Each structure stands twice: as structure tokens, then as C-alpha cells.
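Enquirer: Mind having a look at this structure? Questions to follow.
The values are calculated or read from the model by the stated rules, or taken from the named source; none is laboratory data. Source: prediction; values computed, not measured. For neighbour counting, all protein chains shown are included, and Cβ atoms are generated from backbone atoms with ideal geometry for every residue, glycine included. Only protein heavy atoms, including side chains, enter the accessible area calculation; ligands, DNA and RNA are left aside. Shrake-Rupley method; radii C 1.70, N 1.55, O 1.52, S 1.80 Å.
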Amino acid sequence: MLNIIIYIFSYDIWFYISHVLLHKIHFLRTIHKNHHLTNYKTIVFTDAYIGHYLEYPFQSIGIFFPLYFINFYYYEFITVIFLLNIRTMIHHDHRLSFLHHDHHILHHKYPNYNFGEYWIDYFFGTNY
């Protein structure tokens, strides 16, 4: 269980960093812009996967960082991938905001805020 938490924590930190970079660096912003084409009022879970084919591997690199210092067990890794995908879909569907508030949906309305999970946005002062 601890390894699963480490994977998710690592993913969250890298996702935040990479998401900020996708918004702040011009070349990367052109890659990420398709993800923000959907109106934030009508965003649904499938919109989580709208984006450039390069942005998702780039944003997912963080999940691999713990492999340098923890043992790899495929069932933990698959569990983390499953959980992160479910969480990502929940974050992108206004109908499911009762499960996780509308933190990321607000990012689609105010793109200079809410780049990652609530705790990390709060920590870095990017929480809307």
C-alpha cells in the first residue's frame, strides 16, 4: 500500500510541474491547447483524454520516478494506473464534482490556476 501512495505522490508532483510547463512555455502551450477547447460548463469524463499525443506521456513520466528506489510489483503499478485514470475522469466531469469538488474544472475556466491536486495547488499558491 505504501508503494501505491508513493507512486501517486510522485505522479502528482510531476503532473503539477509538467502542467505548469504546458501552460507557461509557448511550444508546450500549443501542444496543450486542444485539451482546453471544451467549454468548462459542459466538460465530461471523456474530455480528460482530449489532447495532443505527446502531452500524456510527458505528464505521466512522474509515475516512473519511484522505480529508482522501490521494488516493482506489476499489480501495484496496474492498480495505480487504474486509480489515476478513474481520478482523472472524475476531475473532468462536472456531473461527478460532488466526489472531488470542481477543482480541476475551475482550471478549465481559469487556466492560470488549479494545475494539479488541491493540496499541491494550495502549497504553491496556484489554487483558485
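Enquirer: With runs of 4+ DSSP H residues as the only contributors, calculate the mean residue ellipticity of the chain at 222 nm using -39,500 (n - 2.57) per run, divided by the residue total and rounded to the nearest 500.
Expert: Computed ellipticity for the chain at 222 nm equals -16500 deg cm²/dmol.
Enquirer: Which of Val80, Ile6, Gly125 sits farthest toward the positive end of the charge dipole of the chain, with +1 on the Cβ of Lys and Arg and -1 on the Cβ of Asp and Glu?
Expert: Projecting each Cα onto the dipole axis, the largest value belongs to Gly125.
Enquirer: I'd like the orientation of helix 74-91 relative to the chain: the angle between its Cα long axis and the longest Cα principal axis, in ° from 0 to 90, rounded to 10.
Expert: 10
Enquirer: Another question about this same structure. Determine the distance separating the Cα centre of the range 18-55 from the Cα centre of the range 96-128; give it in Å without decimals.
Expert: Cα centroid of the range 18-55 versus Cα centroid of the range 96-128: 14 Å apart.
Enquirer: Excluding residues on the same chain fewer than 8 positions from Lys41, give the lysines whose Cα lies under 22 Å from its Cα.
Expert: Lys33, Lys109
Enquirer: In Å², and per residue, what accessible area does the range 30-128 have when probed at 1.4 Å with the other protein chains present?
Expert: 62
Enquirer: Does anything in the range 1-43 have its amide N under 13 Å from the 7 Å Cα→Cβ label point of Leu54, and if so which residues?
Expert: Only 22, 25-33 pass the distance filter.
Enquirer: Something else: Along the Cα-to-Cβ line of Thr46, 7 Å from the Cα, sits a label point; which residues in the range 78-94 have backbone N less than 16 Å from it?
Expert: Only 89-90, 92-94 fall inside the zone, counting backbone N under 16 Å.
Enquirer: Could you work out what % of the accessible surface of the range 1-70 is carbon and sulfur, using a 1.4 angstrom probe and leaving DNA, RNA and ligands out of the count?
Expert: Percent of accessible area from carbon and sulfur atoms in the range 1-70: 75.
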